[in-house]
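The values are calculated or read from the model by the stated rules, or taken from the named source; none is laboratory data. Just so it is clear, the structure is predicted and the values come from calculations on it, not from any experiment. Don't worry about glycine lacking a Cβ; one is built from the backbone with ideal geometry, like all the others, and counts go over all protein chains shown. We work out accessible area using only protein heavy atoms, side chains counted, and drop any ligands, DNA or RNA first. Shrake-Rupley method; radii C 1.70, N 1.55, O 1.52, S 1.80 Å.
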Amino acid sequence: DAERYHRLAVDLAEQSADSVELAEAIGELGGILLARWRVEESKELCLKSLALLRDSKNNRYLPVVLNNLGVISMHRGDYAHSEAYFKESLRSVRAFPRPDAYEARVLNNFGAFYYRIQDLGNAEKAFKKAISVFEKERGPDRAELAPFLSNLGGVYVLRKKWELAMPLFDRALLLLQNSTQPDRLSLAAVLDNQGMMHRLRKNLVEAEKSLRKAHDLRLALLGPENPLVLVTEVKLAGTLRDLGRYEEAELLYTAALTAYEKTSRLHTIDAATTLEELAHLFRQTSREKNADPLEAKARAIRFELEQTVSARGLSQSPR
């Protein structure tokens with residue numbers, strides 16, 4: 001429904017002589033297509049919107065389209081461009097005459113970028129800043145805070161700081177429960193991070209429950225090829241493998257790899273992790289010959305991406 005209405009908005013904007021209005025309409029449609037994981041269409045529209053905005057010198061909508069391009073680049077493994085887009089988005093929103101809560105959205109995505117490349121120190125700083133900005137501009141009791149809190153909790157989970165992660169998850173869940181319009185995607189994000197915490201603490205039964213709920217929610221809302229669905233799918237597969245349910249786990253790993261290949265995302269950190277996880281399952285089930293090529297492929301992907309990440313300081317704002 002949202003896509004249909006946004007396409008109508010683009011049609012109307014094309015009839016006007018206002019390039020900024022057209023840029024916003026095209027950019028909003030690009031955001032909807034990104035949510036539906038129609039990445040190439042989304043990228044094309046976002047770049048068109050960006051070109052129109054640069055020509056107009058109007059910066060009101062600029063942070064939004066740059067933020068979306070940052071997300072697209074991040075999920076495609078193009079980390080140099082992703083970082084550059086997020087940095088420019090932050091500069092744009094901070095140049096507004098008054099503080100804007102949208103800065104928190106950009107910071108949250110920037111935190112996700114750092115989390116993805118395992119720069120947990122900067123991820124923690126970005127998520128904390130996102131929470132601080134949002135609370136200052138919108139207040140501490142809004143359900144929109146839930147994913148920011150959950151993401152910060154996810155950093156603490158990887159650091160095994162359970163005492164810091166758990167209150168954040170509890171607060172996020174309370175905000176969602178008290179909301180008059182429950183956000184199921186945010187709920188899935190909290191459940192995903194909670195599930196990972198249970199898994200690392202060897203509470204595998206609870207881990208499976210949380211991750212399966214998160215996977216079912218994301219799958220229903222986003223479809224089988226969305227990167228968030230695949231990340232949860234691999235975590236669930238790992239939990240099933242730890243429980244000794246190897247056949248179920250292998251089916252999920254294989255489905256995730258098929259989706260990565262279909263969407264041209266085999267050269268990403270998430271795909272490398274999936275290859276390594278499946279290789280580990282093969283070794284656990286005495287199939288070493290099956291594991292060797294997967295591990296070699298994962299090493300090659302990680303080496304290529306590490307070269308990109310190590311050169312991040314050389315990146316420039318893309319045009």
**Asked** Do we have any residue at all in the stretch 56-75 that's surrounded by fewer than 21 Cβ atoms within 10 Å (Cβ to Cβ) and free of Cβ contacts under 8 Å to residues at least 12 places away in the same chain?
**Response** yes
**Message:** Regarding the stretch 84-97, can at least one residue be identified that is within 27 Å of T263 (Cα to Cα) and of a type in the set (V, I, T)?
**Reply:** no
**Prompt:** Are any of the residues in the stretch 181-196 open to solvent by 40 Å² or more (accessible area, probe 1.4 Å) and of a type in the set (V, I, T)?
**Reply:** no
**Prompt:** Quick one: is L8 at pLDDT 95 or above and farther than 22 Å from P97 by Cβ?
**Reply:** yes
**Message:** If I go through the stretch 113-132 residue by residue, how many of them are outside any helix (DSSP H, G or I) and surrounded by fewer than 19 Cβ atoms within 10 Å (Cβ to Cβ)?
**Reply:** 2
**Prompt:** Could you say which residue among E135, E83 is part of a helix (DSSP H, G or I), crowded, with 20+ Cβ neighbours inside 10 Å and charged (D, E, K, R)?
**Reply:** E83
**Message:** Scan the stretch 13-31 and tell me whether some residue there is part of a helix (DSSP H, G or I), within 30 Å of A220 (Cβ to Cβ), without any contact (Cβ under 8 Å) to a residue 60 or more places away in the chain and open to solvent by 30 Å² or more (accessible area, probe 1.4 Å).
**Reply:** yes
